[in-house]
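> Mind looking over this structure? Questions follow.
The values are calculated or read from the model by the stated rules, or taken from the named source; none is laboratory data. Worth saying up front: this structure is predicted, and the values here are computed from it rather than measured. Heads up, the Cβs are rebuilt from the backbone with ideal geometry, glycines too, and the neighbour counts pull from every protein chain shown. When the accessible area is computed, the model is the full protein with side chains, heavy atoms only, and any ligands, DNA or RNA have been set aside. Shrake-Rupley method; radii C 1.70, N 1.55, O 1.52, S 1.80 Å.
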Amino acid sequence: MVRKAKNVDLTKFKWTREPESYSITRDTIEIVTKPHTDLWQRTYYHFRNDNAPVLQMETEEKYFSFAVKTEFADSHHRFDQCGIVMYLDSENWLKGSIEYENEQYQHLGSVVTNQGYSDWATTAIDAAVKSMWYRFSRREDDYCLECSEDGAVFRQMRICHMHHGKGKIRFGVYACSPEESSFKAVFSHIQMMGCQWKAHDGQQPDTDQ
């Protein structure tokens, strides 16, 4: 069981769709995106995009947190994005990221895709933001995504249930450019730790009558 925060051995990470241009050192991952790469399934737009590069490790641990710092100084085109991901297969995955929109604002948000349908929850942030920390936490088949500007104080983005999120899972980082663009995404301070998403201590679960 993971208890204290520790750096992740990046040699344990495996590619789902290896990008043409990338670099992995002992503690840093760099991905240069290609145009027309994305992750999305059906909802609203009706298209299915499933070609973004994803780099992940596997675990069967049921309670843990995974944190990473993202930097994207040269993202500049609509929908350029990089962040944290749990990609199980093309129809079951979640991600947290910042998507560039224009010179005024970006979308900080998360997408959860269950059984082939994606949703997108966002909030607008200043376009000048060029780095963000994310923390991904698991409690069995429920998950929490958080973000932080400084890597110390994290704010909740989303709690969700994954229909195929039991047992062994894969999680890590991704980057993509859905339109005619390319940029370099940098991932660092990659750590595993004991679950920082604490057990709920408020209202008790309903009981069968």
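> For the stretch 57-71, what are the residues that are open to solvent by less than 70 Å² (accessible area, probe 1.4 Å), farther than 22 Å from residue 29 by Cα and part of a strand (DSSP E or B)?
none
Every residue, every condition in (1) surrounded by fewer than 20 Cβ atoms within 10 Å (Cβ to Cβ); (2) at pLDDT below 95; (3) in contact with a Pro (Cβ under 7 Å, 6 or more places away or on another chain), yes or no:
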site: 149; (1), (2), (3): yes, no, no
site: 158; (1), (2), (3): yes, no, no
site: 182; (1), (2), (3): yes, no, yes
site: 187; (1), (2), (3): no, no, no
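> Any residue in the stretch 126-138 that is open to solvent by less than 10 Å² (accessible area, probe 1.4 Å), over 23 Å from residue 77 (Cβ atoms) and in contact with a Lys or Arg (Cβ under 8 Å, 6 or more places away or on another chain)?
yes
> Which pairs turn up if I take residues in the stretch 65-85 that are farther than 17 Å from residue 128 by Cα and look for partners that are not in a strand (DSSP E or B) with beta carbon separation below 6 Å, at least 6 apart in sequence or on another chain?
Filtered contacts from the stretch 65-85: 65/195; 65/196.
> Output the residues belonging to the stretch 9-27 that are open to solvent by less than 50 Å² (accessible area, probe 1.4 Å) and under 16 Å from the mean Cα position of the chain (by Cα).
If the condition is that a residue be open to solvent by less than 50 Å² (accessible area, probe 1.4 Å) and under 16 Å from the mean Cα position of the chain (by Cα), then 13, 16 are the ones that fit.
> Considering only residues that are assigned to a strand (DSSP E or B) and polar (S, T, N, Q), look in the stretch 72-117 and name the one that is farthest from residue 52 (Cα to Cα).
Looking at the filtered set, the residue picked out is 106.
> Being open to solvent by 60 Å² or more (accessible area, probe 1.4 Å), in a loop (DSSP other than H, G, I, E, B) and at pLDDT below 95: is that true of residue 164 here?
no
> Right, something else. Can you name the condition, by its number, that residue 90 falls short on among (1) open to solvent by 10 Å² or more (accessible area, probe 1.4 Å); (2) touching a residue at least 60 places away in the same chain (Cβ under 8 Å)?
Unmet for residue 90, out of (1) open to solvent by 10 Å² or more (accessible area, probe 1.4 Å); (2) touching a residue at least 60 places away in the same chain (Cβ under 8 Å): (2).
> Can you name the residue in the stretch 29-56 that is within 18 Å of the chain's Cα centre (by Cα) and open to solvent by 30 Å² or more (accessible area, probe 1.4 Å) and is also farthest from residue 179 (Cα to Cα) among such residues?
Selected residue: 30.
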